Ligand code: NI
């Protein structure tokens, strides 16, 4: 993987860009925890970045813009889940990253959970493949044992939604789609 005219030109992604996005996300998500646990929310964000970086490092597909994928992974929930605005992301990281994060954010003006997801998937599909990868990585990360208070129907709906993500975006990256499919199959144990 070669990059042009950069100090880190021989690295698969830029450690400095990773750190900039991580610190921005850490400030934005400060005090938040993962749903149904006491885990700091930043652990979720780092896990999504790790899944994306593992896919970049795998030999299945060549990724054109690894830094876009890594930064959007770290920032993917800041617009949806914090006070951070599109403009703030754009100022700090530029318009391509900001548009990626915006596409990964559900639009609260749309009523209905499945309508929100359909709309978000459609907007992600209008983005570069690096953004599709973040959505795949996000759902891989979220297919953990469900919170104890989730009812059977909610678990089945989450499983079906994951399949929809796989079908819509799986072609973006072979390593992530294989991994998501395995997680989807495994999730049946919680039915
Ligand atoms: Ni997420």
**Asked** Mind checking whether some residue in region 25-39 is closer than 27 Å to residue 170 by Cβ, within 13 Å of the ligand (Cβ to nearest atom) and touching a helix residue (DSSP H, G or I) at 6+ places or on another chain (Cβ under 8 Å)?
**Response** yes
**Message:** Just to be sure I understand the filter: pairs with C-beta atoms under 6 Å, separated by 6 or more residues or on different chains, first member in region 136-150 and farther than 16 Å from residue 73 by Cβ, second member assigned to a loop (DSSP other than H, G, I, E, B) and within 15 Å of the ligand (Cβ to nearest atom). Which pairs pass?
**Reply:** 147/36
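Take the conditions surrounded by 14 or more Cβ atoms within 10 Å (Cβ to Cβ), farther than 24 Å from residue 62 by Cβ and at pLDDT 95 or above and apply them to residue 156. Does it pass? Before the answer, list the steps.
On the way: surrounded by 14 or more Cβ atoms within 10 Å (Cβ to Cβ): yes; farther than 24 Å from residue 62 by Cβ: yes; at pLDDT 95 or above: yes.
In short, yes.
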**Fill in**
Those residues of region 7-37 that are in contact (Cβ under 8 Å) with a residue 12 or more places away in the chain and part of a helix (DSSP H, G or I) come to a total of 9
**Request:** Please report, ordered by residue number, the helices (runs of 4 or more DSSP H) entirely within region 54-149 with at least 3 residues that are closer than 29 Å to residue 36 by Cα, over 12 Å from the mean Cα position of the chain (by Cα) and away from the ligand (no atom under 16 Å from the Cβ).
**Result:** 113-125
**Complete:** residue 167 fails exactly one of (1) more than 18 Å from residue 70 (Cβ to Cβ); (2) in contact (Cβ under 8 Å) with a residue 12 or more places away in the chain; (3) assigned to a helix (DSSP H, G or I); (4) away from the ligand (no atom under 15 Å from the Cβ), namely (2)
**Prompt:** Between residues in region 91-119 that are closer than 18 Å to residue 166 by Cβ and in contact (Cβ under 8 Å) with a residue 40 or more places away in the chain and residues that are within 16 Å of the ligand (Cβ to nearest atom) and part of a loop (DSSP other than H, G, I, E, B), which pairs lie under 8 Å by C-beta distance while being six or more apart or on different chains?
**Reply:** 117/106
**Asked** What number goes with the only condition from (1) within 19 Å of residue 35 (Cβ to Cβ); (2) surrounded by fewer than 18 Cβ atoms within 10 Å (Cβ to Cβ); (3) away from the ligand (no atom under 16 Å from the Cβ) that residue 187 does not pass?
**Response** (2)
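The values are calculated or read from the model by the stated rules, or taken from the named source; none is laboratory data. Remember, predicted model here, so these are calculated numbers, not experimental data. So basically every Cβ, Gly included, is an ideal-geometry build from the backbone, and we count neighbours across all protein chains shown.
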